[in-house]
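A short worksheet on the structure shown next.
The values are calculated or read from the model by the stated rules, or taken from the named source; none is laboratory data. What you are looking at is a predicted structure, and each value in this text was computed from that prediction instead of being measured. In this analysis, Cβ positions are derived from the backbone assuming ideal geometry, glycine residues included, and neighbour counts consider all displayed protein chains.
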Amino acid sequence: MAQDASVLAGLLARRIKRADMHIATAESCTGGMIASALTDIQGASRWFSQGWVTYSNESKIKQLGVDESIFVPDEGAAGAVSPEVAEAMAIGAAKKSGADLTIAVTGIAGPTGSTESKDVGLVWVGIYLDGKVTTKCAEFGQGDRHSNKEAFTTFALRVALEVWGEHHDQEKAESESTDEEKSVTPTSIPAALNILSEGPQTGDWHGDVAWSEGDEEPKTESSEDPAIPDTDITWDEE
(Lines give C-alpha, C1' and ligand atoms only; values in the text may rest on other atoms or scores of the structure.)
Protein backbone atom coordinates (compact mmCIF):
# COMPACT_ATOMS: atom_id res chain seq x y z
CA MET A 1 0.00 0.00 0.00
CA ALA A 2 1.32 3.46 -0.92
CA GLN A 3 2.53 5.62 1.95
CA ASP A 4 0.00 8.37 1.23
CA ALA A 5 -2.89 5.92 1.52
CA SER A 6 -1.74 4.64 4.91
CA VAL A 7 -1.24 8.18 6.23
CA LEU A 8 -4.63 9.35 4.96
CA ALA A 9 -6.29 6.25 6.41
CA GLY A 10 -4.71 7.04 9.78
CA LEU A 11 -5.94 10.63 9.71
CA LEU A 12 -9.46 9.55 8.80
CA ALA A 13 -9.49 6.84 11.46
CA ARG A 14 -8.48 9.38 14.09
CA ARG A 15 -11.42 11.61 13.22
CA ILE A 16 -13.87 8.72 13.19
CA LYS A 17 -12.72 7.52 16.61
CA ARG A 18 -12.92 11.01 18.10
CA ALA A 19 -16.50 11.37 16.85
CA ASP A 20 -17.45 7.86 18.04
CA MET A 21 -18.66 6.97 14.54
CA HIS A 22 -18.40 3.98 12.23
CA ILE A 23 -17.31 3.64 8.61
CA ALA A 24 -18.09 1.16 5.83
CA THR A 25 -16.74 0.83 2.29
CA ALA A 26 -18.23 -0.19 -1.05
CA GLU A 27 -15.56 -0.79 -3.69
CA SER A 28 -15.49 -1.83 -7.29
CA CYS A 29 -12.29 -0.94 -9.19
CA THR A 30 -10.09 -0.81 -6.05
CA GLY A 31 -10.95 -4.40 -5.12
CA GLY A 32 -10.84 -3.86 -1.35
CA MET A 33 -7.74 -1.66 -1.14
CA ILE A 34 -9.59 1.08 0.78
CA ALA A 35 -10.85 -1.40 3.36
CA SER A 36 -7.36 -2.86 3.59
CA ALA A 37 -5.78 0.54 4.25
CA LEU A 38 -8.28 1.23 7.02
CA THR A 39 -8.09 -2.19 8.66
CA ASP A 40 -4.29 -2.10 8.66
CA ILE A 41 -4.78 0.24 11.63
CA GLN A 42 -4.75 -1.44 15.03
CA GLY A 43 -8.13 -1.37 16.76
CA ALA A 44 -10.07 -0.90 13.53
CA SER A 45 -12.80 -3.24 14.77
CA ARG A 46 -14.00 -0.44 17.06
CA TRP A 47 -14.91 1.88 14.17
CA PHE A 48 -14.78 -0.11 10.89
CA SER A 49 -18.13 -1.83 10.33
CA GLN A 50 -17.73 -3.75 7.08
CA GLY A 51 -16.84 -3.52 3.42
CA TRP A 52 -18.10 -4.76 0.06
CA VAL A 53 -16.21 -5.52 -3.13
CA THR A 54 -19.04 -5.33 -5.65
CA TYR A 55 -17.09 -5.72 -8.86
CA SER A 56 -19.89 -6.76 -11.20
CA ASN A 57 -23.02 -4.77 -11.96
CA GLU A 58 -25.12 -7.64 -10.63
CA SER A 59 -23.39 -7.54 -7.25
CA LYS A 60 -23.93 -3.78 -7.00
CA ILE A 61 -27.64 -4.35 -7.60
CA LYS A 62 -28.03 -7.34 -5.25
CA GLN A 63 -25.66 -6.33 -2.44
CA LEU A 64 -26.06 -2.54 -2.36
CA GLY A 65 -29.45 -1.94 -3.94
CA VAL A 66 -28.17 0.08 -6.90
CA ASP A 67 -31.00 0.69 -9.37
CA GLU A 68 -30.72 -1.75 -12.27
CA SER A 69 -31.81 0.89 -14.78
CA ILE A 70 -28.51 2.75 -14.32
CA PHE A 71 -26.68 -0.07 -16.09
CA VAL A 72 -29.08 -0.53 -19.02
CA PRO A 73 -27.01 0.06 -22.17
CA ASP A 74 -29.64 2.32 -23.73
CA GLU A 75 -28.84 5.85 -24.78
CA GLY A 76 -28.73 8.15 -21.77
CA ALA A 77 -27.92 5.44 -19.20
CA ALA A 78 -25.28 6.50 -16.67
CA GLY A 79 -23.25 3.30 -16.75
CA ALA A 80 -21.20 1.61 -14.04
CA VAL A 81 -18.56 4.37 -13.84
CA SER A 82 -20.68 7.40 -13.04
CA PRO A 83 -21.67 9.74 -10.19
CA GLU A 84 -25.06 8.03 -10.04
CA VAL A 85 -23.51 4.65 -9.29
CA ALA A 86 -20.99 6.08 -6.80
CA GLU A 87 -23.82 7.83 -4.96
CA ALA A 88 -26.07 4.77 -4.97
CA MET A 89 -23.24 2.55 -3.70
CA ALA A 90 -22.47 4.97 -0.85
CA ILE A 91 -26.12 5.16 0.18
CA GLY A 92 -26.57 1.40 -0.11
CA ALA A 93 -23.53 0.75 2.08
CA ALA A 94 -24.88 3.17 4.70
CA LYS A 95 -28.30 1.51 4.72
CA LYS A 96 -26.91 -2.02 4.90
CA SER A 97 -24.26 -1.33 7.55
CA GLY A 98 -25.78 1.49 9.58
CA ALA A 99 -22.43 3.32 9.36
CA ASP A 100 -22.23 7.09 9.78
CA LEU A 101 -19.64 7.44 7.00
CA THR A 102 -19.25 5.37 3.84
CA ILE A 103 -16.79 5.49 0.96
CA ALA A 104 -17.81 4.16 -2.45
CA VAL A 105 -15.61 3.98 -5.53
CA THR A 106 -16.13 2.95 -9.16
CA GLY A 107 -13.71 3.47 -12.02
CA ILE A 108 -11.70 2.08 -14.94
CA ALA A 109 -8.35 0.75 -13.79
CA GLY A 110 -7.35 -0.52 -17.25
CA PRO A 111 -5.66 -1.47 -19.40
CA THR A 112 -9.00 -2.20 -21.09
CA GLY A 113 -12.52 -1.02 -20.30
CA SER A 114 -12.47 2.45 -21.82
CA THR A 115 -15.38 3.75 -23.90
CA GLU A 116 -15.88 6.66 -26.28
CA SER A 117 -16.73 8.94 -23.37
CA LYS A 118 -14.77 7.34 -20.50
CA ASP A 119 -11.03 6.73 -20.54
CA VAL A 120 -8.86 4.38 -18.52
CA GLY A 121 -7.93 6.14 -15.28
CA LEU A 122 -11.36 7.68 -14.67
CA VAL A 123 -12.72 7.20 -11.14
CA TRP A 124 -15.83 8.36 -9.32
CA VAL A 125 -15.98 8.48 -5.51
CA GLY A 126 -19.12 8.77 -3.40
CA ILE A 127 -18.96 9.85 0.24
CA TYR A 128 -21.97 9.44 2.53
CA LEU A 129 -21.74 11.41 5.77
CA ASP A 130 -24.53 12.31 8.17
CA GLY A 131 -27.28 11.90 5.60
CA LYS A 132 -25.58 13.74 2.72
CA VAL A 133 -23.77 12.34 -0.31
CA THR A 134 -20.91 14.04 -2.13
CA THR A 135 -19.56 12.65 -5.41
CA LYS A 136 -16.30 13.69 -7.05
CA CYS A 137 -14.21 12.35 -9.90
CA ALA A 138 -10.64 12.44 -11.15
CA GLU A 139 -8.73 11.15 -14.15
CA PHE A 140 -5.42 9.34 -13.78
CA GLY A 141 -4.27 8.87 -17.36
CA GLN A 142 -0.82 7.48 -16.60
CA GLY A 143 0.25 4.24 -15.04
CA ASP A 144 -0.64 0.56 -15.19
CA ARG A 145 -3.61 -1.19 -13.61
CA HIS A 146 -2.05 -1.55 -10.16
CA SER A 147 -0.81 2.03 -9.96
CA ASN A 148 -4.26 3.27 -11.03
CA LYS A 149 -5.87 1.21 -8.25
CA GLU A 150 -3.46 2.73 -5.72
CA ALA A 151 -4.18 6.23 -7.06
CA PHE A 152 -7.94 5.60 -6.83
CA THR A 153 -7.56 4.43 -3.21
CA THR A 154 -5.54 7.49 -2.21
CA PHE A 155 -7.97 9.80 -3.99
CA ALA A 156 -10.98 8.23 -2.27
CA LEU A 157 -9.43 8.61 1.19
CA ARG A 158 -8.47 12.20 0.43
CA VAL A 159 -12.02 13.05 -0.70
CA ALA A 160 -13.41 11.47 2.47
CA LEU A 161 -11.13 13.68 4.58
CA GLU A 162 -12.10 16.77 2.60
CA VAL A 163 -15.81 16.06 2.97
CA TRP A 164 -15.32 15.42 6.68
CA GLY A 165 -13.48 18.72 7.07
CA GLU A 166 -16.02 20.70 5.07
CA HIS A 167 -18.95 19.25 7.01
CA HIS A 168 -17.62 19.28 10.56
CA ASP A 169 -15.61 22.50 10.29
CA GLN A 170 -18.69 24.26 8.91
CA GLU A 171 -20.89 22.73 11.60
CA LYS A 172 -18.46 23.83 14.32
CA ALA A 173 -18.19 27.36 12.92
CA GLU A 174 -21.96 27.70 12.65
CA SER A 175 -22.39 26.37 16.17
CA GLU A 176 -19.90 28.87 17.57
CA SER A 177 -21.53 31.68 15.58
CA THR A 178 -24.93 30.68 16.88
CA ASP A 179 -23.68 30.66 20.46
CA GLU A 180 -22.44 34.24 20.01
CA GLU A 181 -25.75 35.30 18.46
CA LYS A 182 -27.72 33.72 21.29
CA SER A 183 -26.04 36.04 23.77
CA VAL A 184 -27.53 38.99 21.85
CA THR A 185 -30.58 37.50 20.15
CA PRO A 186 -31.96 34.58 22.18
CA THR A 187 -34.51 33.67 19.50
CA SER A 188 -31.97 33.12 16.67
CA ILE A 189 -32.21 29.74 14.87
CA PRO A 190 -28.97 27.73 14.47
CA ALA A 191 -28.03 27.56 10.82
CA ALA A 192 -26.62 24.09 11.43
CA LEU A 193 -30.17 22.75 11.56
CA ASN A 194 -30.42 23.26 7.79
CA ILE A 195 -27.29 21.33 6.83
CA LEU A 196 -28.95 17.96 6.30
CA SER A 197 -31.72 19.40 4.14
CA GLU A 198 -29.36 20.12 1.24
CA GLY A 199 -29.16 17.70 -1.69
CA PRO A 200 -26.19 15.69 -2.90
CA GLN A 201 -23.16 17.63 -4.07
CA THR A 202 -21.25 16.68 -7.18
CA GLY A 203 -18.01 17.82 -8.70
CA ASP A 204 -16.02 16.86 -11.78
CA TRP A 205 -12.28 16.87 -11.23
CA HIS A 206 -10.03 16.41 -14.27
CA GLY A 207 -6.29 16.73 -14.65
CA ASP A 208 -2.92 15.13 -14.19
CA VAL A 209 -2.45 14.10 -10.59
CA ALA A 210 0.87 13.44 -8.91
CA TRP A 211 0.79 12.63 -5.20
CA SER A 212 3.81 13.73 -3.20
CA GLU A 213 5.18 11.79 -0.28
CA GLY A 214 2.96 12.10 2.78
CA ASP A 215 3.78 13.02 6.35
CA GLU A 216 4.52 10.42 8.96
CA GLU A 217 1.68 8.70 10.84
CA PRO A 218 0.28 11.10 13.44
CA LYS A 219 1.54 10.49 16.94
CA THR A 220 -1.13 9.54 19.46
CA GLU A 221 0.24 11.80 22.16
CA SER A 222 -0.34 14.94 20.10
CA SER A 223 -3.59 16.80 20.67
CA GLU A 224 -3.45 18.50 17.26
CA ASP A 225 -4.30 16.82 13.95
CA PRO A 226 -1.50 16.97 11.37
CA ALA A 227 -2.37 18.41 8.00
CA ILE A 228 -3.37 16.18 5.11
CA PRO A 229 -0.20 15.31 3.13
CA ASP A 230 0.59 17.87 0.45
CA THR A 231 -0.15 17.08 -3.17
CA ASP A 232 0.62 18.71 -6.50
CA ILE A 233 -2.78 18.88 -8.17
CA THR A 234 -4.06 20.80 -11.13
CA TRP A 235 -7.84 20.55 -11.45
CA ASP A 236 -9.65 21.69 -14.57
CA GLU A 237 -13.18 22.30 -13.40
CA GLU A 238 -15.99 22.10 -15.93
Problem - Residue within the stretch 25-34 that is without any contact (Cβ under 8 Å) to a residue 40 or more places away in the chain and closer than 19 Å to TRP124 by Cα present - result: yes
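Test GLY98 against the criterion of being surrounded by fewer than 24 Cβ atoms within 10 Å (Cβ to Cβ) and at pLDDT below 95, and give yes or no. Write out each step before concluding.
Working: surrounded by fewer than 24 Cβ atoms within 10 Å (Cβ to Cβ): yes; at pLDDT below 95: no.
Here the answer is no, as GLY98 does not meet what is asked.
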Handout entry: Flag if ALA109 is buried (at least 22 other Cβ atoms within 10 Å of the Cβ), small (Gly, Ala, Ser), touching a Cys at 6+ places or on another chain (Cβ under 6 Å) and more than 17 Å from ALA78 (Cα to Cα)
Key = yes
Practice task
Could you check, for the stretch 42-51, whether at least one of its residues is out of contact with any strand residue (DSSP E or B) (no Cβ under 9 Å at 6 or more places or on another chain), of a type in the set (S, T, N, Q) and at pLDDT below 95?
Solution key: no
